[in-house]
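All of the numbers you see were taken from the coordinates with simple rules; none came from a lab. In this text the structure is predicted, and so the values were computed from the model without any measurement. All Cβ positions, even for glycine, are placed from backbone atoms using ideal geometry, and neighbour counts span all protein chains on display.
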Amino acid sequence: MDMSHDKYDDEPVKYCARCYSLKIKYEEALDSEYCDECGSTDIQESSVEEWENRYERRYGHKFVSKQVDPKKTYIFKLSPVELMHKVSDNEKWRSIIKSIYPNFPGGYSKADSIVLFFDTLIKQNKLDTLRLLLLNTFK
């Protein structure tokens, strides 16, 4: 059965509320959906248009028309130490941390928070998530 373009766009999409990925998987053993990109279980559903608007607001470009490979930008060439300095020097450092880890513990000093943040990022192999966030949101 062939579906027209308009009807196709009317179909809701499931996406990750944390990173806006459309790579949603279902884990039968847990009877739950999760994001195959970041592992979040916070899955939302919306129209394609609403998801595209959210994606563009978050990352600064449309999902489909992405032309520049972010891995070829300067931010991806920074070492973990240089990234740490970039976050530390940013007045929105707390927002950066909360964007990636919404439940990040408070009450630590700035230095301790950033060290704990980077320790967690490195252990979870999420430095590229930070790089994308810095590249697209906190310019």
Computed for segment 95-134: size of charge dipole around the Cα centre, +1 on C-beta of each Lys and Arg, -1 on C-beta of each Asp and Glu, debye to nearest 20, value 80 debye
PRE zone check, label point 7 Å out along Cα-to-Cβ of R54, amide N under 20 Å, scope segment 119-136, hits 129-130, 132-134, 136
Given unit charges at Cβ for Lys, Arg (+) and Asp, Glu (-), the dipole magnitude of the chain about its Cα centre in debye, nearest 20, is 1020 debye
In nm, the gap between the two label points placed 7 Å beyond Cα toward Cβ at N90 and K71 is 2.1 nm
Checking V48, V87, V64 against a Gaussian network model of the chain (alpha-carbon springs below 10 Å), the top fluctuating residue turns out to be V64
Between D31 and N103, Cβ-based FRET efficiency (R0 41 Å, step 0.05) works out to 0.95
Quick note on S109, S47, S40, ordering by fewest other C-beta atoms within 10 Å, gives S109, S47, S40
Given (i) 103; (ii) 140; (iii) 260 as possible values of volume of the Cα convex hull per residue in Å³, the one from the coordinates is (ii)
Per the charge dipole of the chain (beta-carbon charges, Lys/Arg positive, Asp/Glu negative, Cα centre), the residue among L121, N103, H85 reaching farthest to the positive end is H85
